[in-house]
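Student: Please find one structure pasted underneath; my questions will follow.
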Amino acid sequence: FTQQIQQQITASIAFMTVETDLKEIRDFLRTTRKRMEDKEAKAKTINDWKQVALVLDRTFFFIYLAAIIISLAAMFPR
């Protein structure tokens, strides 16, 4: 009878250990997933701003080019 109680206690302790380990694994996976989601969101924001910068760069280049061409045409009329 005492051996059966000892086995139940041992099984209960093993179950609690497994339960604790599973909780630690779940928490680790949660934090890892959150970290990856944050990193992906940050990368998306960076790429969005790079696209905005590229569009603005090209826009201002064409404005500059048009200003140069218009000034040259005004300075040296035919």
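Taken together, the values in this text are just the output of simple stated rules run on the coordinates, not laboratory data. Just so it is clear, the model here is predicted, and its values are computed rather than measured. Note: ideal-geometry Cβ built from the backbone for every residue, glycine included; neighbour counts use all protein chains shown.
Student: Kindly provide the chymotrypsin sites (Phe, Trp or Tyr not before Pro) of the range 1-38 that DSSP labels as loop, not H, G, I, E or B, and whose Cβ sees at most 10 other Cβ atoms within 10 Å.
Tutor: On the way: sites: PHE1, PHE15, PHE28; in loops: PHE1.
Sparse-neighbourhood loop chymotrypsin sites (Phe, Trp or Tyr not before Pro): PHE1.
Student: Can you pull the Kirkwood radius for the chain, inverse mean 1/r over Cα pairs, to one decimal in Å?
Tutor: Values: mean 1/r = 0.0526 Å⁻¹.
Hydrodynamic radius (Kirkwood, Cα pairs) of the chain is 19.0 Å.
Student: About the Cα centre, and with charges only on the beta carbon of Lys, Arg (+1) and Asp, Glu (-1), how big is the dipole of the chain? Nearest 20 debye, please. Let's see the in-between values first.
Tutor: Working: 12 positive and 9 negative charges, 92 e Å.
The calculated dipole for the chain is roughly 440 debye.
Student: Shifting gears a bit: How far, in nm, would the chain grow between PHE1 and PHE60 when pulled straight, counting 0.36 nm per residue and subtracting the alpha carbon separation? Let's see the in-between values first.
Tutor: Values: separation 59, 0.36 × 59 = 21.24 nm, distance 8.80 nm.
Stretched out fully, the PHE1 to PHE60 stretch lengthens by 12.4 nm.
Student: Binning at 5 Å from 0, report for the range 36-78 what percent of all alpha-carbon pair distances ends up in each bin.
Tutor: Histogram of Cα-Cα distances, whole percents per bin: 5, 20, 12, 13, 10, 9, 9, 6, 6, 4, 3, 2, 0.
Student: At 222 nm, what value in deg cm²/dmol follows for the chain if DSSP H runs of at least 4 each add -39500 (n - 2.57) and the sum is divided by all its residues, to the nearest 500?
Tutor: Numbers: 1 runs with 74 residues, N = 78.
Dividing the helical sum by the residues of the chain leaves -36000 deg cm²/dmol.
Student: Which of the listed residues, ILE9, PHE62, LEU72, is farthest toward the dipole's positive end in the chain, when Lys, Arg count +1 and Asp, Glu count -1 at the beta-carbon?
Tutor: Sorting the options by dipole projection puts first LEU72.
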